[in-house]
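Have a look at the structure below, then the notes.
Values quoted throughout were computed directly from the atomic coordinates according to the rules given, and no laboratory measurement underlies them. Everything numeric in this text was worked out from a predicted model, so none of it was measured. Here the Cβ positions follow ideal geometry from the backbone for every residue, glycine too, while neighbour counts run over all protein chains shown.
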Amino acid sequence: MTGVGHIAAVASIASVSFLLPAMPADVDDLVPANDPRIAVMGRVDAGAANRLRIGYPGVKLRVRFEGPSLAMRVASSTQNSHVGVSVDGGAPRVLRLPQEETDVILVEGLGAGRHAVDVVHRTETWQGIVTVAGFRLPSGGRLLDPLPWPRRRMLFIGDSVTCGEGVDRTPDCKKDKFESSNADLSYGMLLARRFDAQCHLVSYGGRGLIRDWQGRRDVLNAPQFFDMALPDESTKPPWDHAAYAPDVVVVSLGTNDFNLALGDFPDREEWVGAYVLFARAIRARYPEAHVFLTEGAIVNDSVASGRTQKTVLRGYIAETASRLADPRMHVFESRHYPGDACDAHPTGAQHAAMAGDIEPIIRAAVGW
């Protein structure tokens, strides 16, 4: 992307910004979140009256306006939801969102002229579902029509790595799962910016293809949440796939299915059969997309235990592709990125390297 789409890493993290109580309804001058001038990139649930519910990481709201300040009326289901706020393409300021519906000042003291504010959901669904009621400008302010998003479209399906878990952790290992999550610097978002493409992250930490990291099958794993506007167990809001047809889909699953703590690896026939069905579901919804299947950056063969986790998973994925026999269904093998002494999740620098690994593969296959 260009302009405000380029967001730099944050140097420090602020908890809560300036807050104002929500205004009484009888004097409300709120621009509702579903106003067509509020540009949205990413999956949101727009089923509630005038509100947008956000669960998936990386969802971006962009507001163009004239005026000295901008506030957002917002609430989170927990105290752990964080967003990055970037003004006119500058480095983001990180805000922890309130649980009670509140008007949060995103920016103030701006000069004359046109401005753009990006609000990016950094955290995941399990860390909190965000509900945006709308935006407020001061007297005399004016909302502007949105600029179009890039023409190219990408979709990334995966787990916590795809979500950007721990990207902003510090070298002293004082990682806070909520403050250090940063979907905007995940490998998928970085790749999309390199390709000047839109990006949807359809990902959920700890989940897999047939079971989650604890071995549970009675939760929303990827084939289930793929069809949802946000992976909410209670409401399961459907996603309209016609609203966003990606040119490229990257699927990185298997890390949690193959969690060594679960004992035996998944049965080959069950896992491959489930992946074939899921890949066919992706193809049915996106007939023209190039789909890339990979085992991801965390999974690796264990020298200590002698268990060939990465090798076995790669074999399952290769067999999946062989059964599909689809010329637009590709397989690429990921390099192992070990994280650091703090955490096995890839660091921010490793996410950048992952994006660099995948970029030429996609360019060669798609012709970008």
Of 136-142, 77-83, ordering from highest average Cβ density within 10 Å down gives 77-83, 136-142
Between residue 236 and residue 112, what is the FRET efficiency for a Förster distance of 35 Å, r being their Cβ-Cβ separation, to the nearest 0.05?
0.15
Pseudo-spin-label distance residue 216 to residue 311, built 7 Å along Cα→Cβ, given in nm, is 3.3
Roughly speaking, what is the stretch gain from residue 302 to residue 280, that is 0.36 nm per residue apart minus the C-alpha to C-alpha distance, in nm to one decimal?
4.8 nm
If you fit an axis through the alpha-carbon atoms of helix 268-285 and take the longest principal axis of the Cα set of the chain, what angle between them do you get, 0 to 90°, nearest 10?
40
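Tally Lys/Arg at +1 and Asp/Glu at -1 over every other residue whose Cβ is under 12 Å from the Cβ of residue 290; what's the total? Write down the numbers at each step before the final one.
On the way: positive: 152, 153, 283, 328, 363; negative: 247, 288, 326.
Local net charge: +2.
Neighbour counts of other C-beta atoms within 10 Å: give me 363, 62 arranged from fewest to most.
Working: 363 12, 62 20.
Ascending number of Cβ neighbours within 10 Å: 363, 62.
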Table column - 3J(HN,Hα) (Hz), the stretch 233-239, Karplus curve with 6.51, -1.76, 1.60, x for Gly and Pro:
4, 7, 9, 6, x, x, 9
In terms of the Cα gyration tensor, with a ≥ b ≥ c the square roots of its eigenvalues, is the stretch 106-160 rounded because a/c is under 1.5, prolate because a/b exceeds b/c, or oblate?
oblate
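In the neighborhood of residue 190, defined by Cβ-to-Cβ distances under 11 Å, what is the net charge if each Lys or Arg adds +1 and each Asp or Glu adds -1? All intermediate terms of the calculation are to be shown ahead of the outcome.
On the way: positive: 193, 194; negative: 184, 359.
Net charge around residue 190: 0.
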If you stretched the chain out fully between residue 335 and residue 144, how much longer would it get, using 0.36 nm times the residue separation minus the C-alpha to C-alpha distance?
64.3 nm
The chain: relative contact order as a whole-number percent, Cα under 8 Å and 6+ apart
16
Percent relative contact order of the stretch 196-332, based on C-alpha pairs within less than 8 angstrom and at least six residues apart?
22
Across bins of 10 angstrom width beginning at 0, how are the C-alpha pair distances of the chain distributed, in whole percent?
5, 25, 34, 23, 10, 3, 0
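Compute the whole-percent fraction of alpha carbon pairs in the stretch 274-368 spaced more than 19 Å apart.
On the way: 2304 of 4465 pairs.
Every Cα pair in the stretch 274-368 considered, those over 19 Å come to 52 percent.
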Starting at the first residue of the stretch 341-358, write each ³J(HN,Hα) from the Karplus equation 6.51 cos²θ - 1.76 cosθ + 1.60 with θ = phi - 60°, in whole Hz, x for Gly and Pro.
5, 7, 6, 7, 5, x, 6, x, 5, 5, 4, 5, 5, 4, 4, x, 5, 7
With a sphere of radius 12 Å drawn around the Cβ of residue 225, what net charge do the other residues whose Cβ falls strictly inside it have (Lys, Arg +1; Asp, Glu -1)?
-3
Please list, in order, the residues from the stretch 115-130 whose amide nitrogen is less than 12 Å from a point placed 7 Å along the Cα→Cβ vector of residue 78.
123-130
In nm, the gap between the two label points placed 7 Å beyond Cα toward Cβ at residue 270 and residue 49 is 4.6
What is the distance in Å between the Cα centroid of the stretch 270-286 and that of the stretch 289-368?
18
Need one word for the stretch 152-366: rounded, prolate or oblate. Basis is the Cα gyration tensor (sqrt eigenvalues a ≥ b ≥ c); a/c below 1.5 gives rounded, then a/b vs b/c decides.
rounded
Quick check on the exposure proxy: order 366, 44 from fewest to most C-beta atoms within 10 angstrom.
366, 44
I'd like the antiparallel share, as a percent to the nearest 5, of DSSP beta bridges with both residues in the chain.
70
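Can you give the FRET efficiency for residue 325 and residue 100, using 1/(1 + (r/R0)^6), R0 = 56 Å, r = Cβ-Cβ distance, to the nearest 0.05? Could the numbers behind the result be given before it?
On the way: r = 54 Å, r/R0 = 0.96.
So, using R0 = 56 Å, E works out to roughly 0.55.
Quick check on the stretch 19-143: what are the equivalent-ellipsoid semi-axes from the Cα gyration tensor, as sqrt(5λ), descending, whole Å? Walk me through the intermediate numbers first.
Details: eigenvalues 87, 55, 37 Å².
So the equivalent ellipsoid measures 21, 17, 14 Å along its semi-axes.
What is the antiparallel percent of DSSP beta bridges lying wholly in the stretch 145-292, to the nearest 5? Don't skip to the end; give the middle numbers.
Numbers: 1 of 15 bridges.
So the antiparallel bridges amount to about 5 percent of the total.
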If you average the C-alpha positions of the stretch 90-135 and of the stretch 190-251 separately, how far apart do those two centres end up, in angstrom?
23
